[in-house]
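Below: one structure, written as structure tokens.
The values are calculated or read from the model by the stated rules, or taken from the named source; none is laboratory data. What you see is a predicted model, and the numbers here were worked out from it, not measured in a lab. Here the Cβ is made from the backbone with ideal geometry for all residues, glycine too, and neighbour counts use every protein chain on show.
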Amino acid sequence: MNTASTSRLFVLFGFVWAAAALPQGLAASPSEQQAVPARRRKIELNKNRFVLDGEPFLVKGMAYSPFYPGESNRDKIVKADVASDMRKMRELGINTLLIYWTRSERIYKEARRNELMILHGIWIEQEPADFHEPRFKEGVKRQIRHAIDYVHNVEGEDYSDTILGFWIGGELNPASVDGTDTRHPELTQFQGTYYQTRTGVTATECFLAEMCDYARGYANEKYGHDFFFSHINWPPTEPWLKLDFLDFVMFDVYSFWPPEVVNFRKGSFASTSYQGYIEYLKDAYPAVPVVISEFGMSTAPDNVTTSGNSERDQAAELIARWHDIVTTEKPLAGGIVFEWNDEWWKQSGAAVLVPFDADKNHHERDDAEEWFGIVGIDGPSHADYRVRPKQAYHAVARMYAPVFYADRRMVQPASVVPLYESVSVVSLSAEGRPLDASRQLHLCVAIREKSGTPNARIRLEAAGSMAEEGIVWGESLPLHRYAGAADADGWRKIVIPLEHFGPLDFSQLLSLSVIAEGAEARPIIKDAAFSPNYCIE
């Protein structure tokens, strides 16, 4: 790609994506066949974060369930090139996997090879009539033993060093929670070896405490390994399940559903309802880390939502939600994008009428559950498909890059102000059109120079579409040329025509950010003197 003298292209990736799925039985390269020695990590928790080997660890996660066309969660993972996937994940800045089942030995081996940690699921039925029914509880305990045994014996080798934590069950059905609690009003407290609840809890909360206590005890007694345990909660059961007795808490939270998230009060920094809701969650759990265990957007072509469903919408959604997660007033432990690749076996909407074993062979255009991947799998059948990165793939590289927020206040030399909601194709204009280069657009932000940095500069960062496969960096401009008078706190308003940063392909623009070098930067509160049609605020 040619670039003008006023801008530079930053190439993110040095690999070429395979155009099709790899055949079964593909042999690993000699380097991949070599075992990587275990590295026992010291994992601790503080009230906000995981601490890995003495350093705070921000979860930059990816949900990984690599079932390809013709495969389902009942099958072994065969077609996916797990080694290639995890190399790419590491290059994108991902440091944690969320997995749901034990379906491939390669996941653990490649996670260790690429220094990826795992939040490991122990999946349980979501809709039983009673979580305390004896046969159900014994079935859950079998699942617990299987998962813990599995990670300690992956083809004869112990891969438990890859585990950041386990979670038992997720997104329980509200009717099952209510039914269990109604059947067992006498269960109001659990006192175990590792987990104890307060008095007055519900029967379902007692069940989760009991299962986590059993799991932690089993791992300690059989293997001498002490793991942290959690459960994946979600908005429909959040009012009923208060899980502050667990080591850390996990929540699946999407911005477009349910109404209690969509209509929640605005956040403290990003001014979105999504941030307001996840800040509410952290307020409810001030003493333990909170992980947003799933966030994302489907690109199902025939399942349009109010938040959009294009691949560009998906990319902008991921960036905006990560911005919400890392700029909360009280720090969260991180977040996990749902998910790596499209999964044809999923069923929602009309697809639930399709027999399960047949559904995995077809990619229904209206089944939202099948289209959440940042890697698309397209084709007419399970025998004829191609694998390709969506625009969201490149958005993840932007999100998880070191120059993005590490906390509410930047710890990097630069200060970043994301402007995604103003720039995205959906929210910049009511008609949903992309940025038009013919319009007179200005950048409007507030700047406060740091002491001892008289030569502070500002630059524009524009993340492009999939076609660009990279990030265009605008020319760095001196602040003194554009900044107005400082207020009492040292903040100065700057207004810069975007054209001063050099040419940008607005038709391909995905996101826009301000990078202030040697200065703090923040969005300006809406100023009546500047119309949103002419100023990005």
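A few points about this structure:
- Criterion: under 19 Å from SER293 (Cα atoms) and out of contact with any strand residue (DSSP E or B) (no Cβ under 9 Å at 6 or more places or on another chain) - qualifying residue of ARG90, ARG39: ARG90
- Of the set (1) modelled with pLDDT under 50; (2) closer than 26 Å to GLU364 by Cβ, all apply to SER381 but (1).
- Hey, ARG49 in contact with a helix residue (DSSP H, G or I) (Cβ under 6 Å, 6 or more places away or on another chain), under 30 Å from PHE245 (Cβ atoms) and either surrounded by 12 or more Cβ atoms within 10 Å (Cβ to Cβ) or modelled with pLDDT under 95 (or both) or not: no
- ILE94 vs. criteria free of Cβ contacts under 8 Å to residues at least 40 places away in the same chain, part of a loop (DSSP other than H, G, I, E, B) and in the same structural domain as ASP178 (by TED's automatic domain parsing): no
- Tabulated pairs, the range 64-76, first in contact (Cβ under 8 Å) with a residue 24 or more places away in the chain and under 17 Å from ALA111 (Cα atoms), second among the small types (Gly, Ala, Ser) and buried (at least 16 other Cβ atoms within 10 Å of the Cβ), C-beta under 7 angstrom, 6+ apart or interchain: PRO66/ALA80
- Of all residues in the range 141-167, those that are hydroxyl-bearing (Ser, Thr, Tyr) and in a helix (DSSP H, G or I) have Cβ atoms under 9 Å from Cβ atoms of residues that are modelled with pLDDT under 95 and surrounded by fewer than 16 Cβ atoms within 10 Å (Cβ to Cβ), 6 or more apart or on another chain, in SER160/ALA38; SER160/ARG40; THR162/ALA38; THR162/ARG41.
- Tally of residues being modelled with pLDDT of 85 or more, charged (D, E, K, R) and within 22 Å of THR96 (Cβ to Cβ) across the range 384-416: 1
- Counted residues, the range 287-326 - those being surrounded by 22 or more Cβ atoms within 10 Å (Cβ to Cβ) and of a type in the set (Ser, Thr, Tyr): 3
- If the condition is being modelled with pLDDT under 95 and acidic (Asp, Glu), then the range 116-156 contributes GLU125, GLU127, GLU155.
- Residue in the range 203-223 that is modelled with pLDDT of 95 or more and in a loop (DSSP other than H, G, I, E, B) present: no
- Residues of the range 355-389 that are assigned to a loop (DSSP other than H, G, I, E, B), in contact with a Ser or Thr (Cβ under 7 Å, 6 or more places away or on another chain) and surrounded by 22 or more Cβ atoms within 10 Å (Cβ to Cβ): LYS360, ASP367, PHE372.
- Scanning the range 248-268 for residues that are surrounded by fewer than 18 Cβ atoms within 10 Å (Cβ to Cβ) and within 23 Å of LYS60 (Cβ to Cβ) returns PHE256, SER268.
- For the range 125-140, the candidate set comprises residues that are surrounded by fewer than 21 Cβ atoms within 10 Å (Cβ to Cβ) and touching a residue at least 60 places away in the same chain (Cβ under 8 Å); within that set, the residue that is nearest to GLY217 (Cα to Cα) is LYS137.
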